[in-house]
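Report on one structure; see the data block that follows.
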Amino acid sequence: MDNFDDLMEFDDADDVIIIITDEEGIPHEFIVIDTVLHKGSNYMLVTPAIDDDDSDTFEASIIKETGENGDEVFYSLVDDDNEFNEVAALFMENDGDYGIEI
């Protein structure tokens, strides 16, 4: 998954941080929890780097690499139920207990 390396930054706690800019041009920071290659596509399990919620539960999203243009890499949320379930199962096989809700 070499193409992830250019996007990732490491903070003092060795968290992998990525910045994703939405359609409105607003940047959002995410912590990468895990990555997986499935059926030729790169997926990341991410959680917001800044949690505005005071709960003990962290929610995560699965994003899929959808394209590249030079140094830019494009991602989208996985919203197809079958694809989501397949990839979520792979993440659960990798660790199984991330301490988050997928």
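Quick notes on this one:
- Computed FRET value (nearest 0.05) for K39 with D71, which takes r as the C-beta separation and R₀ as 22 Å: 0.30
- Counting Lys and Arg as +1 and Asp and Glu as -1 over every other residue whose Cβ lies under 10 Å from the Cβ of F74, the net charge comes to -2.
Only the coordinates and a few stated rules stand behind these numbers; no lab work does. Computed from a predicted structure; not experimentally measured. FYI the Cβ positions are ideal-geometry reconstructions off the backbone, even for glycines, and counts take in every protein chain you see.
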